[in-house]
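Engineer: Before anything else, here's the structure in question.
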Amino acid sequence: MERDKNIVLIGFMGTGKTTVGKIVAQKIGFDFIDVDETIERLTGMKISDIFSKFGEARFRDIETEIIKLITKKTGQVIATGGGAVLRDENIQALKKNGIIFCLEASEEVIFERVKESTDRPLLKVEKPLERIRELLCQRKSRYGLSDFVINTDRLTINEVAEKIVREFARLKNGQN
Ligand code: S3P
């Protein structure tokens, strides 16, 4: 596979961006980059500590900087954090040389997948399912900015990955 573009995965927390992204990268020989993991590595801090010490706005600034850095290269599968879609400049940077796939899941499936997680500061609230509903509603139009949407509820991780590989080849040819 030519390495002149990136595959970008967007979508809510718990939709499988990181897990699927690693498999896609392996299948097509691209590098795998996780935005949250890069933030933690470069700042030396856990995401939840960045939120608690500096607040969400500062986290979003760091996220934007890291996305700018990562999108300088191609031949990568980039897994973004669930809120990376909130800023137009992030979307622009990711779209410039990437095809964007949005992974979707129902709120119940998301809740099941994230309920044991300790590193998702936005869901550390009394009623996480309600919070998930609220955030999904607020972000719906932002996730709609993708080139292709995949509902993951009834698919295995491998099926989602295969779908992305197939659609990437098709969409990439369409753009050339
Ligand atoms: C966030 C999602 C998280 C992480 C941060 C904020 C969000 O990433 O970036 O906690 O705003 O949805 P994941 O989607 O990988 O959990």
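Engineer: Need one word for segment 83-151: rounded, prolate or oblate. Basis is the Cα gyration tensor (sqrt eigenvalues a ≥ b ≥ c); a/c below 1.5 gives rounded, then a/b vs b/c decides.
Structural biologist: Working: a/c = 2.24, a/b = 1.86, b/c = 1.21.
Prolate is the answer for segment 83-151, as a/c is 1.5 or above and a/b outweighs b/c.
Engineer: Can you put 141, 146 in order of Cβ neighbours within 10 angstrom, beginning with the fewest? List each step's numbers first, then the result.
Structural biologist: Working: 141 9, 146 22.
Placing the least packed residue first, the sequence is 141, 146.
Engineer: Okay, next question. Give the long-range amide H neighbours of residue 149: residues separated by 5 or more places, or on another chain, with amide H under 5 Å away, using H modelled in the peptide plane at 1.01 Å from N.
Structural biologist: 102
Engineer: Given only helices, namely DSSP H runs of n ≥ 4 each adding -39500 (n - 2.57), what is the per-residue ellipticity at 222 nm of the chain, to the nearest 500 deg cm²/dmol?
Structural biologist: That comes out to -17000 deg cm²/dmol.
Engineer: Now for a different question. Taking every eigenvalue of the Cα gyration tensor of the chain, multiplying by 5 and rooting it, what semi-axes result, largest first, whole Å?
Structural biologist: In descending order, the three semi-axes are 25, 19, 14 Å.
Engineer: Same structure again: At most 13 other Cβ atoms within 10 Å plus a DSSP loop assignment makes a site exposed; report the longest stretch of the chain without any exposed GluC sites (Glu not before Pro). Don't skip to the answer; put the middle values down first.
Structural biologist: Working: sites that count: 2, 116, 126.
Result for the longest clean stretch: 3-115.
Engineer: Among 136, 123, which comes first, then next, by fewest other beta-carbon atoms within 10 Å? Present the calculation step by step, with values, prior to reporting the outcome.
Structural biologist: Numbers: 136 18, 123 21.
Result, fewest neighbours first: 136, 123.
Engineer: Where the centre of each part is set by its Cα atoms, how far does segment 94-145 sit from segment 61-86, in angstrom?
Structural biologist: A separation of 17 Å, based on Cα centres.
A short reminder: the numbers here are calculations on the coordinates, not readings from a lab. Since this is a predicted model, take the numbers as computed values, not measurements. As a convention, Cβ positions derive from the backbone with ideal geometry for all residues, glycine included, and neighbour counts pool all protein chains shown.
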